[in-house]
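Accompanying notes for the structure given below.
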Amino acid sequence: RELTESWSSLYMKFSSFTSLSVPAVPNAEANHISRQVLSMLRSEQLAGPADLHHNTLLFATNVIAEVNNVFNYQIIGHVTAKASQSPGKPRKKASPLLELSGSVEALTEVWQKVLRLVGQERLPAMTKLCSALHYIITGVKLPKMMPILLPAFTDVVTATIEINPEARYGSEVANRFIDVYSQYCTLLEEHLVNKMQGDVATRVMTMLQTGLSSTNSCVRNRTRRLWLSVDNSRLDISVPLQRALKDLNLPPYGTGDSSNEREDASAGKQHRVSGSFLSKNRRSVAPSSPLPSPATVSKTTAPRTPKSTSAHAALLQMDDKDFVKISSPAGGRGRRHLTPHQKEKLQERRCDIPALYSDLSQQFTQSLESS
């Protein structure tokens, strides 16, 4: 009992002194775990083809997705005066991304490796990465962080568009990526596209060129709307981007009408109809009237006439005034008139043609000639 009371009093003293200590930076645990994952991804043990370490990469994507899911975005950057001005622990210069720096770097690092996966693990890994990116871009509400946060994901988004996510990961994962890509483009429109310059402008323009040239109609249409929100008068447009803008009739080389977008939408509808023909149209198409009984068919249905007979009857009914009959000099159908030289050549045995089975064919030919 005395020992318990001593420990209780010690705990009470510790609790009273805790408020006087320098508080920890919010979300420090999440940043620490992300830094550990990042160091693991950059280690020499993960060098080589990505499929050799597919289980490790899948584990890393799960950790990053969960860390960004539990991250408290409401208090990001809320560091107290005691923490920022503490003389006991001099702090390094804070990253512009604050506590999200480790998560952002780890996410982009593992994303590049997952894009090189070809095994089945690529599907759940890409799903987790899309979830992690969704958590970050929808959770951050600080406008001052957006010009730094959004360009950090431009390269991985461009690389994913370039490989066509629907062809690599299937429609389900591709739809998830397209939803995240649409959210990303919306944030670019609000915070970045009309303020970008230098290296950021170059990377965003590369993403625009890749998206406009994409074979995926959803990606292409969303990138088209993003380009229409850009003030292109002050941008240095590259040659590949100029070519893509001319093909889609977008400014400054076109009017920017939505005819191509409507064509893409109709093409998508036709694609869905054709893809579901075997499974849906066979059940949905029903006869307009009930089928007649066999007896009714035998009584009402007229016997079919051969095509040759009907064609011959049609020729007989034609008026002779409209046509001129020309007698053929061949004398009859199926006859072939040969010259004496041709008849002589046909009677000769072709010795210059090699037989497929030399012995058997030679014996068979000799037996025929002797008989």
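Some points to look at:
- Label point at Gln112 placed 7 Å out along Cα→Cβ; residues across the range 138-156 whose backbone nitrogen lies under 16 Å: 151-156
- His134, His341, ranked by accessible area, largest first (probe 1.4 Å): His341, His134
- A 1.4 Å probe over all protein chains sorts Lys343, Lys113 by accessible area into Lys343, Lys113, starting with the largest.
- Evaluated with a Cβ-only charge set (Lys, Arg +1; Asp, Glu -1), the range 95-196 carries a dipole of roughly 80 debye about its Cα centre, given to the nearest 20.
- Each residue, Ser233 and Ser43, gets one label point 7 Å from its Cα in the Cβ direction; the gap between the two is 5.5 nm.
- Per-residue SASA entry for Glu29, accessible area with 1.4 Å probe, Å² rounded to 10: 130 Å²
The values are calculated or read from the model by the stated rules, or taken from the named source; none is laboratory data. Owing to the predicted nature of the structure, the values given are computational and were not obtained by experimental measurement. Cβ atoms come from the backbone with ideal geometry, glycine included; neighbour counts cover every protein chain shown. These accessible areas exclude ligands, DNA and RNA; they are computed on the full protein's heavy atoms, side chains included. Shrake-Rupley method; radii C 1.70, N 1.55, O 1.52, S 1.80 Å.
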